[in-house]
Amino acid sequence: MMETLSPAPAIDLVALKQKQQATWSAGDYAVIGTTLQIVGETLCEALDLRAKERVLDVAAGNGNATLAAARRWCDVVSTDYVGALLERGQARASAEGLAVQFTEADAENLPYADGSFDVVLSTFGVMFTPNQERAANELARVCRPGGKIGLANWTPPGFIGELFKLIGRYVPPPAGVKSAALWGTEDRLRELFGESIATLETSRKNFVFRYRTPQHWLDTFRTYYGPMQKAFGAVDAAQQEALAADLLRLVRQFNRANDGAMVVPGEYLEAVIKVR
């Protein structure tokens, strides 16, 4: 007798998004995010931004790519679904005298008309959306034909990709949810953006995590990085100790410093899509 396979349970994307929003609101991601500024600068150079271009930064966090684009005299709108992060970005922009519009918005439901922007950016942001297809469609929709989409996404085999795999062994992700790190592969980007792509250029780069010691990194991330803070909070004391040991072991695998410091390359995929 042939066994009948039960259909996979439907994913409650609304509930998942609420949970993710709470995760990214935990801690203080801005402490981590500010260190990633060079990625926003590098991405803006790859896009060859021009003054007065209309730029949208999606899932902008505390504004790394936002500030980089504004420094190049673009007209920038910075969006995220965590209002506290936008406030941090706004404080940074004000300190530099940069004119930026900050708006709370969902990457999967952007409040802008078709073709509103010349350039759409996201650095380590949109890759974490629950509904990847919808998010990609939104990025393409609000970018004008002939415009560009610029992305920086962690790769599956890189340090952060391995970090999320490790955390997933202690706190498994919901069944059926695609890995965020898939955005760090050219194949997945071609699947997501499909016929919207006129050209796609990708380059593998490294952001180097530099901390006083591996323990300093762990303490910082455990305190300020929402996903890690939530992971430690979801397990008992014994598992917390094991998770900490595994995280330090992961750092040792990637660490290129031999003086007690932490110097860890974190691979990411830089992508520039010209929109059809």
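The values are calculated or read from the model by the stated rules, or taken from the named source; none is laboratory data. All values reported here derive from a predicted model rather than from experimental measurement. Reconstructed Cβ throughout: ideal geometry from the backbone, glycine too, with neighbour counts over all protein chains shown. Side chains included, ligands, DNA and RNA excluded: accessible areas come from the protein's heavy atoms. Shrake-Rupley method; radii C 1.70, N 1.55, O 1.52, S 1.80 Å.
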Task: Rounded to whole Hz, the Karplus (6.51, -1.76, 1.60) HN-Hα couplings of region 254-260, x for glycine and proline - done: 9, 5, 9, 8, 10, 10, x
TODO: State the label only: which of (1) 18.9, 72; (2) 18.3, 56; (3) 20.9, 81 corresponds to Rg and Dmax of the Cα atoms in Å computed from the shown model?
DONE: (1)
Open item on the list: Accessible area of the chain with a 1.4 Å probe: how many percent of it is carbon plus sulfur?
Closed with: 51 percent
Task: 16 Å Cα cut-off, lysine pairs counted over the chain (separation 8 or more, or different chains) - done: 8
TODO: Would you mind computing, in nm to one decimal, how far apart the modelled labels at Ala261 and Val14 are, each placed 7 Å from Cα along Cα→Cβ?
DONE: 5.0 nm
Task: Arg256, Arg92, ranked by accessible area, largest first (probe 1.4 Å) - done: Arg256, Arg92
TODO: Quickly work out the Asn109-to-Val235 label distance, labels modelled 7 Å from Cα along the C-beta direction, and quote it in nm with one decimal.
DONE: 3.5 nm
Task: 5 angstrom amide H check on Ala257, placed H, neighbours 5+ away - done: Val263
TODO: Calculate the radius of gyration of the Cα atoms of region 1-115 to one decimal place, then report Dmax, the largest Cα-Cα distance, as a whole number, both in Å.
DONE: 18.0, 72
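By per-residue mean of other Cβ atoms within 10 Å, what is the highest-first order of 124-131, 176-183? Kindly include the intermediate steps, with their values, before the conclusion.
Working: 124-131: 23.5, 176-183: 18.4.
Going by the mean number of other Cβ atoms within 10 Å, highest first, we get 124-131, 176-183.
Kirkwood Rh over alpha-carbon pairs of region 115-216, then Stokes-Einstein at 20 °C and 1.002 mPa s: what D in µm² s⁻¹, rounded to an integer? Before the final figure, lay out the partial values.
On the way: Rh = 15.1 Å.
Using the Kirkwood radius from Cα pairs, D works out to 142 µm²/s.
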- [ ] Any chance you could check the Cα centroid distance between region 195-263 and region 16-38 for me, in angstrom?
- [x] 14 Å
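For region 175-276, calculate the relative contact order in percent as a whole number, restricting contacts to Cα pairs under 8 Å that are 6 or more residues apart. Let's see the in-between values first.
Details: 105 pairs, mean separation 48.1, N = 102.
That works out to 47 percent.
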Task: Probe 1.4 Å, accessible area per residue of the chain, Å² - done: 48 Å²
TODO: Pull up all non-local amide H partners of Ile197: gap of 5 or more, or a different chain, and H-to-H distance under 5 Å with H placed in the peptide plane.
DONE: Arg276
Task: Modelled FRET efficiency - R0 45 Å, Ala84 with Glu186, Cβ distances, 0.05 increments - done: 0.85
